[in-house]
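Heads up, the thing below is written out as structure tokens.
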Amino acid sequence: MPPAPSSSSSELRLTVFGTGYLGITHAACMASLGFEVLGVDTDSSKIASLMAGHVPIYEPGLQELLRTEIQAGRLRFSTSYEKAAAFGDVHFICTGTPQLPGGEGADLSQVRSCVTALAPLVRSNSLLVGKSTVPVGTARALSRELAESGHQVEIAWNPEFLREGTAVTDTLAPDRIVVGVTSQLAEDLLRAVYRALTDGGSRFFATTLETAELAKVAANAFLATKVSFINAMAEVCEASGANVRGLSEILGADPRIGQSFLRAGLGFGGGCLPKDIRAFMARCTELGVDSAAGLLREVEKINLRRRSRTADLALELAGGDLAEVSVCVLGAAFKPGSDDVRESPALDVAQILHGLGAHVTVYDPVAMANAARACPELAYADTLEAAATGASLVLLLTEWPEFTALRPSDLGGIVKLKNIIDARNALRPELWRTAGWNYRALGVGAEASAPV
Ligand SMILES: NC(=O)c1ccc[n+]([C@@H]2O[C@H](COP(=O)([O-])OP(=O)(O)OC[C@H]3O[C@@H](n4cnc5c(N)ncnc54)[C@H](O)[C@@H]3O)[C@@H](O)[C@H]2O)c1
């Protein structure tokens, strides 16, 4: 049974298990709301770094928040489950749920080992709250397993919708908070935890465990579908001579459709959308609803085709052979505002070009270290200028502001040949073409100049 929520929220003590992108952000933000928070991870080097006030990932605003909360004494870190179990009233589980090696489903081993190690240690009146993204049915199965092994601890599920790059503001001012609960006490407790956010206007949805789990996965599936929809339209534009930039603007003007996630380009990547839609497909198949899986399979195919299309454009601009061609790749992170290179479309394209014999030099404002670890075979330059100097082809693969602000004259004097592929539809074609560049983009014909 969770504690009665009559205690004021600042008296509640929270733990956060797993201090990755989600966990560090959640821990620091909950501390900033006035809670005492203990962050726990099995990676002792990560915990040592956090204790020293250093955030090992790039996330705007997080470093400052972490230091402030550590200094205020509200945020601490440990590797000890025993300490955490004795400390916390509410235990948030933020461990990873990567793709299963050799399969499409989610690898739940981090969540499972966290729950099974924690359950025997926690006070009987504490609440375990999953935040990790899991297949529908996971929380119910974990609850059943705990009950069967004699542990009377209650589990709730509170999926997280934050986006890397805006994680702090997304956590402190979310548009919705979703909690899947099996008791009124658990709902009241989570309402108490999030009171400051709901007072600030965030909507609060209390629902079943299954609906809460599905709310996250379905949101990701919808967003992935929207991205792939406009990228499928880009394919039609390429075949028909229409211009996907104009098409997207016109479609997005319909309020039922909206502009967000409707920019055609290299598609989605990162540590969430790709593995989450694959896990969703695997779960749909397990549940016997293969047609839903079929839709998402197309979504993924379209997404991956954009990468091969970009490589084809590169080959075309190089006259059919990329061997020994100097290529400058702008961007390694899966999106701007993040240093995350997990399933990064940019790095994937860079690797394809490398595989075709090109000399690829990559530059990214923050993701260089992660990129070099993930793809040591590529060359990396310390500056944009160094990456572009002598290049016969430039590819804009992640739309960082410093890339989208580029003017043709910034690169014109240092490249060997004026060839550019704008795989994020982020530059103004007419500027580059007027300055003598061979400008190509996804979903925009070779000759189209104006955006519409
Ligand atoms: N990254 C995002 O933007 C985001 C957004 C919403 C939801 N999510 C979901 O949140 C979850 C975590 O994602 P992430 O990106 O933070 O992953 P991550 O890999 O960055 O972090 C996971 C952390 O958990 C730790 N860990 C593993 N096993 C543990 C255990 N038994 N006990 C304690 N710590 C343990 C790891 O050492 C690591 O630090 C995933 O389910 C993901 O889908 C992520």
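Readers should treat all values here as calculations from the given coordinates under stated rules, not as data from a laboratory. Bear in mind that the values here come from a model prediction, so they are computed numbers and not experimental data.
The table below gives the values:
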item: Separation between Cα centres of region 271-321 and region 388-452, rounded to whole Å; result: 26
item: Rg/Rg_globular for region 351-432, with Rg_globular taken as 2.2 N^0.38 Å and Rg from C-alpha atoms; result: 1.07
item: Under 5 Å, built H, 5+ apart or other chain: amide partners of Val178; result: Phe205
item: Cross-link partners of Lys226 among aspartates and glutamates (Cα-Cα below 16 Å; sequence separation of 8 or more within a chain); result: Glu235, Glu249, Asp254, Asp276, Glu298, Glu300
